[in-house]
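Trainee: Handing you a structure now.
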Amino acid sequence: MAIQAERPRRLFTVDEYHRMAEAGVFGPEERVELIEGEILEMSPIGPRHAGCVINATRLFVTRLADRAVVSPQNPVVIRPRSEPQPDLLLLRPRAVSYSREHPNPEDVLLAVEVADTMVRFDRLVKTRLYSRAAIAEFWLFLAQECALEVYRLPGPDGYTEMTRLDGEAVVSPLAFPDVWFAVADFFA
């Protein structure tokens, strides 16, 4: 009879994660992110995923101009134990450049993930992470289905509102209710 025992895991803080990166613990081609204290390998980016990120970046940059900082595939620091790298962030413009420090949840107007193979992880883990960090809005693009899940009203147990959109449906970020996007344009 096999005995199964829960072994304690070593969880890392954001500061420890940064020191590990500075020390060269991660190779230059390694794609990792810190989620709830665990260092997780990120999935490879396939063409559908990349295309959606490229389209979203182009659409946000052209339609929002200087109203937001569009940050594709860069980290957001969620202390004490998370530093995810969403596929795209819309950030508040600020006087001090983001080149001096990574944004934190207070800087984020919208977090975007594109799910191709990791839909369950993004729905269960990333939505809770962003909601607990009080990020007002999270969009999850479902690359294989050409659909969008819009999460709003963050709470300690997750977002309390979710809307699924596809096809010719239109969507507007909470921070920019005057700017509309056709869901289909993100997958064109």
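Trainee: Which strands (runs of 3 or more DSSP E) does the stretch 97-188 wholly contain that include 1 or more residues that are in contact with an Asp or Glu (Cβ under 9 Å, 6 or more places away or on another chain) and in contact (Cβ under 8 Å) with a residue 24 or more places away in the chain?
Mentor: Output list reads 108-115, 137-142, 147-152.
Trainee: Yes or no: the stretch 162-169 includes at least one residue that is in contact with a Leu (Cβ under 9 Å, 6 or more places away or on another chain) and under 18 Å from Ser71 (Cα atoms).
Mentor: no
Trainee: Are any of the residues in the stretch 106-113 more than 21 Å from Leu153 (Cβ to Cβ) and either modelled with pLDDT under 95 or of a type in the set (D, E, K, R) (or both)?
Mentor: Taking every residue of the stretch 106-113 in turn, none turns out to be more than 21 Å from Leu153 (Cβ to Cβ) and either modelled with pLDDT under 95 or of a type in the set (D, E, K, R) (or both).
Trainee: Conditions first: (1) closer than 19 Å to Val53 by Cβ; (2) modelled with pLDDT under 95. Leu142 passes all but one, so which condition is the exception?
Mentor: Failing condition for Leu142: (2).
Trainee: Next question, about the same structure. State whether one or more residues within the stretch 78-91 are loosely packed, with under 13 Cβ neighbours inside 10 Å, out of contact with any Leu (no Cβ under 8 Å at 6 or more places or on another chain) and over 25 Å from Ala21 (Cα atoms).
Mentor: no
Trainee: A follow-up question, please. Condition first: surrounded by 15 or more Cβ atoms within 10 Å (Cβ to Cβ) and within 17 Å of Val108 (Cα to Cα). Now tell me which residues in the stretch 159-188 satisfy that.
Mentor: Tyr159, Pro173, Ala175, Phe176
The values are calculated or read from the model by the stated rules, or taken from the named source; none is laboratory data. No experiment lies behind these values; they were computed from the predicted model shown. Methodologically, a virtual Cβ is constructed for each residue, glycine included, from the backbone with ideal geometry; neighbour enumeration extends over all protein chains shown.
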